[in-house]
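The values are calculated or read from the model by the stated rules, or taken from the named source; none is laboratory data. This structure is a prediction, so every number in the text was calculated from the model and none was measured. Cβ sites come from the backbone with ideal geometry, for glycine too, and all protein chains shown count toward neighbours. Quick note on the areas: whole protein, heavy atoms, side chains included, nothing else; ligands and nucleic acids left out. Shrake-Rupley method; radii C 1.70, N 1.55, O 1.52, S 1.80 Å.
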Amino acid sequence: MRHHILSAALTAFGVLAASSAAAQSAGPSLSEECAPFRFHPVAVWVDAQVVRQGDTLPVKAGSILGRASGALTPDPMPTTCLSDWRITPAGAASVSADGSSLTVAPDAPAGALLTLEARTPGEPARYETRIVGRDEIVLTGRYSQAEVDCGEAERPARPIRELVFGPTGRFSVTWQPFETYTDYWGDFTWDAAAGRLALEITGGNRHPGANARLEGAVEVQADGSRLVLHGFNLGDVLNGGAPCRYVFGKV
């Protein structure tokens, strides 16, 4: 998985605007292990693309102050440095007293966006993810192309190394990953009952071309480890837009 923590920290989690008054008021009581993070931008996260009803997952935190100078992962920070947790929807989840774990309520609303906010030694931090049913099949995740079949047509010459579906309905496609680079991105609509997927491009560094086919049938293995797209063409200048069957494995 390519720099998963940093990518998530920059796109899915985010950082709230600085609150200097809160940071200053927290200053006098900061422990020795928390003091180095005073005034830092902080990310909080769990290493899961979505959270399931009834799950208990480790919470992680770290400073992302160094990201502008090339740091690829946040500088780890003890979760005991986090406080004043706020959870939306109310009652959907709880955080342990030491901030080390998140427990999703068994009756948390499936499909809802779960938002966690916490006070830190520096800037307030915010994390968002999607709640899914205990046994629900989900599309969310990071995949890599395993094979492609375009029938008698020429198949795309470049395999897609990263196809990412985020918990808030965003996707990205990258042929040759490098740090945080992606080729193109946008919104996706997945009809699980009908087995249909539609992609809408909203931006990119390299457009797949006018012949791209971005809507068709989709199969997702029950454990989410395998994804098959039927009738798609995710772009390749040598391919001419023929409908193809892609097989992806989760990474």
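Tabulated results
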read-out: Matching residues in the range 136-183 - criterion: being in contact with a His (Cβ under 8 Å, 6 or more places away or on another chain) and among the polar types (S, T, N, Q); value: T180
read-out: Among residues of the range 32-48, those that are open to solvent by 50 Å² or more (accessible area, probe 1.4 Å) and part of a loop (DSSP other than H, G, I, E, B), counted; value: 5
read-out: Residue check, L234 closer than 24 Å to I131 by Cβ and of a type in the set (A, V, I, L, M, F, W, C); value: no
read-out: Given (1) in contact (Cβ under 8 Å) with a residue 60 or more places away in the chain; (2) over 29 Å from V132 (Cα atoms); (3) of a type in the set (A, V, I, L, M, F, W, C), number of the condition A222 does not satisfy; value: (2)
read-out: Residues within the range 56-77 that are assigned to a loop (DSSP other than H, G, I, E, B) and either among the hydrophobic types (A, V, I, L, M, F, W, C) or at pLDDT 95 or above (or both), tallied; value: 5
read-out: Pair list, Cβ < 8 Å and 6+ apart or interchain, from the range 97-114 residues that are without any contact (Cβ under 8 Å) to a residue 24 or more places away in the chain to residues that are of a type in the set (A, V, I, L, M, F, W, C); value: P109/A92; P109/I131; G111/I131; G111/V132; A112/A92; A112/I131
read-out: Which listed residue is within 24 Å of P36 (Cβ to Cβ) and either β-branched (V, I, T) or in contact with a Gly (Cβ under 8 Å, 6 or more places away or on another chain) (or both), from R119, R134, R126; value: R126
read-out: Of the criteria (1) over 27 Å from W190 (Cα atoms); (2) outside any strand (DSSP E or B); (3) open to solvent by 10 Å² or more (accessible area, probe 1.4 Å), which one E136 fails; value: (1)
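A quick yes/no check of all residues on (1) assigned to a strand (DSSP E or B); (2) of a type outside the set (S, T, Y):
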{"residue": "I201", "(1), (2)": "yes, yes"}
{"residue": "P208", "(1), (2)": "no, yes"}
{"residue": "N211", "(1), (2)": "no, yes"}
{"residue": "G216", "(1), (2)": "yes, yes"}
{"residue": "L227", "(1), (2)": "yes, yes"}
{"residue": "F232", "(1), (2)": "yes, yes"}
{"residue": "Y246", "(1), (2)": "yes, no"}
